[in-house]
Amino acid sequence: MSATTTIVTRGDHRVRRSSRRPDPVFLLFLLPALILFTLAITVPGAIGIFFSFTDSIGIGDWHFNGVTNYIAAFSDPAVLSSFAFTFGFALVTVLVVNVIAFLLAVGLTSRIRFAVGLRAIFVIPMVVSGLIIAYVFQYLFQNSLPAAGSALGIPFLQESILSNPDLAWIGIVIVTAWQAIPGTLLIYIAGILSIPGDVYEAADIDGASRRQQLLRITLPLVAGYVVINTILGFKNFLNAYDIIIALTNGGPGTATRSIAMTIIRGFQTGDYAYQMAIATLFFFVAIAVAALQLSVTRGKGNS
């Protein structure tokens with residue numbers, strides 16, 4: 001990679017800037033991935049946005065109908081409720097996953113016995129299929145917990161939360177968090193281990209307690225990792241589908257139907273253009289959320 005140095009004068013100071021030009025070999029290696037990304041994602045996405053302004057059913061003739069599909073989407077209660085559920089679920093799950101993963105990372109990077117072995121154990125859920133995890137938890141929620149509740153005489157455990165429209169989302173959050181925590185945990189462990197030990201030694205000398213070190217040293221220095229986990233987690237949870245399908249199939253009724261489920265089921269009925277309009281709305285809303293997160297956390301991420 002070639003580098004050039006430029007000297008810029010600012011007032012009474014001379015600032016030296018070094019600009020690096022990418023080596024053509026790097027661009028050559030990037031080209032195949034760029035072509036595949038364009039053909040597999042960018043082009044189909046652009047085609048889908050184009051057809052969202054038509055009355056196409058996916059095959060056959062079609063005609064432009066302007067923003068009719070978008071107006072219909074904004075007035076569709078099923079679409080609005082799925083958007084509300086998806087964003088509420090993503091927000092709660094991001095909070096639960098990050099809090100638990102951060103606390104586990106603090107514990108697993110402290111001076112405890114079998115720390116390495118415990119890290120390996122906590123990572124196991126990450127390598128198990130989400131569908132398998134969901135089916136296991138579905139059996140627990142619908143059979144094991146109600147049986148235990150009946151045996152122990154605990155009323156609120158005697159009924160499966162998955163059959164309660166007001167509580168089914170809690171089961172989805174639990175299962176999703178159980179699978180997502182390991183990946184988030186690894187990122188936090190990497191962030192905590194990157195903090196120089198001299199910082200904590202100086203804090204010990206100054207008499208800082210463990211709680212003070214956690215709040216004033218560890219947390220500020222891993223703020224960038226919090227940003228990464230928040231953005232990645234929120235993006236992934238917005239696309240929730242397989243775990244919800246296995247646990248509740250969007251029920252009871254439509255209480256836990258995510259926007260991804262609404263779009264896919266709409267495609268199955270042949271309403272192609274309308275579902276592409278919903279998918280386009282979802283795409284731009286997700287971009288807006290990501291941009292907002294980056295703008296709010298940019299300063300913290302540079303800490």
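From Ala240, Ala286, Ala260, Ala291, which residue is among the hydrophobic types (A, V, I, L, M, F, W, C) and in contact with a Leu (Cβ under 6 Å, 6 or more places away or on another chain)?
Ala286
Need pairs with beta-carbon distance below 7 Å; first residue touching a residue at least 12 places away in the same chain (Cβ under 8 Å) and within 15 Å of Phe141 (Cβ to Cβ) and within the stretch 232-247, second of a type in the set (A, V, I, L, M, F, W, C) and surrounded by fewer than 17 Cβ atoms within 10 Å (Cβ to Cβ); sequence gap 6+ or separate chains.
Final answer for the pair search is Ala246/Leu131.
Please determine, by comparing only the residues of the stretch 11-55 that are at pLDDT 90 or above and in contact with a Ser or Thr (Cβ under 6 Å, 6 or more places away or on another chain), which one is surrounded by the fewest Cβ atoms within 10 Å (Cβ to Cβ).
Once the filter is applied, the top-ranked residue is Ile49.
Could we say that Ala273 is in contact with an Asp or Glu (Cβ under 9 Å, 6 or more places away or on another chain), of a type in the set (Gly, Ala, Ser) and closer than 30 Å to Ala46 by Cα here?
It is true that Ala273 is in contact with an Asp or Glu (Cβ under 9 Å, 6 or more places away or on another chain), of a type in the set (Gly, Ala, Ser) and closer than 30 Å to Ala46 by Cα.
What is the number of the single condition among (1) under 24 Å from Val222 (Cα atoms); (2) surrounded by 13 or more Cβ atoms within 10 Å (Cβ to Cβ); (3) free of Cβ contacts under 8 Å to residues at least 24 places away in the same chain; (4) of a type in the set (A, V, I, L, M) that Ile112 does not meet?
Status for Ile112: all satisfied but (2).
If you go through the stretch 248-271 one residue at a time, how many are in contact with a Gly (Cβ under 6 Å, 6 or more places away or on another chain) and part of a helix (DSSP H, G or I)?
Result for the stretch 248-271: 1.
Just for the stretch 235-249: of the residues that are surrounded by fewer than 20 Cβ atoms within 10 Å (Cβ to Cβ) and not aliphatic (A, V, I, L, M), which one is farthest from Ala105 (Cα to Cα)?
Applying the filter and picking the extreme gives Asn249.
Can we say Ile195 is hydrophobic (A, V, I, L, M, F, W, C), under 13 Å from Ser110 (Cα atoms) and surrounded by 13 or more Cβ atoms within 10 Å (Cβ to Cβ)?
Yes; evaluated as a whole, the condition is true for this residue.
I'm trying to understand the selection: among the residues of the stretch 105-118, which are in a helix (DSSP H, G or I), under 15 Å from Leu214 (Cα atoms) and either of a type in the set (Lys, Arg) or more than 19 Å from the chain's Cα centre (by Cα) (or both)?
Within the stretch 105-118, Val106, Gly107, Leu108 meet the criteria.
Residues Ile121, Ile181, Ile174, Ile187: which one is out of contact with any Ser or Thr (no Cβ under 9 Å at 6 or more places or on another chain), assigned to a helix (DSSP H, G or I) and loosely packed, with under 15 Cβ neighbours inside 10 Å?
Going through Ile121, Ile181, Ile174, Ile187 in turn, just one is out of contact with any Ser or Thr (no Cβ under 9 Å at 6 or more places or on another chain), assigned to a helix (DSSP H, G or I) and loosely packed, with under 15 Cβ neighbours inside 10 Å: Ile121.
Could you go through the stretch 216-227 and let me know if any residue there is surrounded by fewer than 20 Cβ atoms within 10 Å (Cβ to Cβ), assigned to a loop (DSSP other than H, G, I, E, B) and either modelled with pLDDT under 90 or among the hydrophobic types (A, V, I, L, M, F, W, C) (or both).
Within the stretch 216-227, none of the residues are surrounded by fewer than 20 Cβ atoms within 10 Å (Cβ to Cβ), assigned to a loop (DSSP other than H, G, I, E, B) and either modelled with pLDDT under 90 or among the hydrophobic types (A, V, I, L, M, F, W, C) (or both).
When the residues of the stretch 145-164 are filtered to those that are exposed (fewer than 14 other Cβ atoms within 10 Å of the Cβ) and either of a type outside the set (A, V, I, L, M) or in contact (Cβ under 8 Å) with a residue 40 or more places away in the chain (or both), which remaining residue is nearest to Ile243 (Cα to Cα)?
So, considering only residues that are exposed (fewer than 14 other Cβ atoms within 10 Å of the Cβ) and either of a type outside the set (A, V, I, L, M) or in contact (Cβ under 8 Å) with a residue 40 or more places away in the chain (or both), the one nearest to Ile243 (Cα to Cα) is Phe156.
The values are calculated or read from the model by the stated rules, or taken from the named source; none is laboratory data. Predicted model, so just to flag it, every value in this text is computed and none were measured. Because the Cβ atoms are built from the backbone with ideal geometry, glycine has one as well, and the counts that use them run over all protein chains shown.
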